[in-house]
Amino acid sequence: MPELPDVEVFREYLDRTALHQAVESVGVSVPEILADISPEELQSQTNGHQFVSTGRHGKYLFARLSDDDWLVFHFGMTGYFSYFKDSKKAPKHTRVLFGFDNDYQLAFILQRKLGKIFVARDIDDFIKQQGLGPDALDENFNAEDFKKTLKETTSSLKSALMDQARIAGIGNIYSDEILFQARLNPKARANQMGNQELDRLFRAMRDVLKTAIDSEADPRRMPKTYLLPHREKDGKCPVCHGKINTTKVSGRSAYFCPKCQS
DNA sequence: ACATTGACCTGAGAGC
DNA sequence: TGCTCTCAGGTCAATG
């Protein structure tokens, strides 16, 4: 799930649920997912404080605590949040559980333990440390910057889009959708694209990510012309109704329409 | 500088 | 029903 649109939806969820509630307990059932602190440190860091604001860069979600540090969530391949009344049982695979003084709890859920929680003093420093490029939806990251970034690599378009050091936020699913909307082949070399193609790709990137957020990252709510709901074995192209192909691009499976994305 | 592979983890679904 | 195999929206390190 958790690429840029998913994480943005989680951020909005956090904003309308756990924000401004005082934390009174923090349960850590899997300490390995804490990147740079112990469970005890996490507890002393958060207990008695509130989450006061949120932010996001690429696939990372930031939640500022009222003591001015930030908790940083990365959702791996399977992560999500659930906010629920504490009389209910925590969902399966809850790895960290925040309890609030309003009798609600926030679960950080990871089926596979590939997610992480970090603590950061400063977001910009954190982004630098992680080596992240500009957020794909950053207004300051314009078409010219995008073209420059893509022209400086010989890798495939799909790998370039997914490279968090170049552009932060795009993963396997949305790179396929963006390339489909731009009608470009995932294996095409980035530095061999012309300005027209790259402009088209840039527009598709922004459109797809924004549309996905508006659809709450739910494929069922996305436009009929989107590839995402057909991203499966024997899927049919929503535009030409031909068969969807799969191939491997830097180790990940890519779905594309060989006719529309020649 | 790039692609590829395996590791990290757990579970769902396919095929037998 | 149960076993085995493959695959999964992410990232990192090692290797060619």
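The values are calculated or read from the model by the stated rules, or taken from the named source; none is laboratory data. Remember, it's a predicted structure, so these values are computed and weren't measured experimentally. Methodologically, a virtual Cβ is constructed for each residue, glycine included, from the backbone with ideal geometry; neighbour enumeration extends over all protein chains shown.
Quick test of your reading of the structure: A:A217 fulfils all but one of (1) farther than 21 Å from A:K248 by Cβ; (2) within 12 Å of DNA strand C (Cβ to nearest atom); (3) assigned to a helix (DSSP H, G or I). Name the failing condition by number.
(3)
What are the residues in segment A:62-116 that are of a type in the set (V, I, T) and away from DNA strand C (no atom under 16 Å from the Cβ), if any?
Scanning segment A:62-116 gives A:T94, A:V96.
Looking at segment A:245-256, which of its residues are in a loop (DSSP other than H, G, I, E, B) and under 16 Å from A:Y174 (Cβ atoms)?
Hit for segment A:245-256 is A:S250, nothing else.
Within segment A:224-240, does at least one residue satisfy the condition of being touching a helix residue (DSSP H, G or I) at 6+ places or on another chain (Cβ under 7 Å), within 11 Å of DNA strand C (Cβ to nearest atom) and among the aromatic types (F, W, Y)?
no
Which one is farthest from DNA strand B (Cβ to nearest atom), of the residues in segment A:134-171 that are basic (K, R) and closer than 24 Å to A:D124 by Cβ?
Taking segment A:134-171 as the starting set, the residues that turn out to be basic (K, R) are A:147-148, A:151, A:158, A:166.
Narrowing further to those that are closer than 24 Å to A:D124 by Cβ: A:148, A:166.
Working: A:K148: 13, A:R166: 9 Å.
Out of the qualifying residues, it is A:K148.
Are there any pairs with C-beta distances below 8 angstrom linking a residue in segment A:26-41 that is free of Cβ contacts under 8 Å to residues at least 12 places away in the same chain to a residue that is more than 15 Å from DNA strand B (Cβ to nearest atom), with the two at least 6 apart or on different chains, and if so which?
A:P31/A:S38; A:P31/A:P39
Considering segment A:166-183 alone, what residues qualify as being farther than 23 Å from A:F10 by Cβ and surrounded by fewer than 24 Cβ atoms within 10 Å (Cβ to Cβ)?
As a first pass, look at segment A:166-183 and keep what is farther than 23 Å from A:F10 by Cβ: A:166, A:179-183.
Within segment A:166-183, A:R166, A:Q181, A:A182, A:R183 qualify.
Considering every residue within segment A:75-96, establish whether at least one is away from DNA strand B (no atom under 16 Å from the Cβ), at pLDDT 95 or above and in a loop (DSSP other than H, G, I, E, B).
no
Given the residues A:D101, A:D176, A:D124, A:D145, which is the only one that is touching a strand residue (DSSP E or B) at 6+ places or on another chain (Cβ under 6 Å), modelled with pLDDT of 95 or more and farther than 29 Å from A:C240 by Cα? Even if it seems obvious, please write down each step before you answer.
On the way: A:D176 fails: farther than 29 Å from A:C240 by Cα; A:D124 fails: touching a strand residue (DSSP E or B) at 6+ places or on another chain (Cβ under 6 Å); A:D145 fails: touching a strand residue (DSSP E or B) at 6+ places or on another chain (Cβ under 6 Å).
Just one listed residue meets the conditions, A:D101.
Suppose the filter is over 18 Å from the mean Cα position of the chain (by Cα), more than 15 Å from DNA strand B (Cβ to nearest atom), in the same structural domain as A:R56 (by TED's automatic domain parsing) and over 17 Å from A:L71 (Cα atoms); does A:D101 pass it?
For A:D101, the condition - over 18 Å from the mean Cα position of the chain (by Cα), more than 15 Å from DNA strand B (Cβ to nearest atom), in the same structural domain as A:R56 (by TED's automatic domain parsing) and over 17 Å from A:L71 (Cα atoms) - is met.
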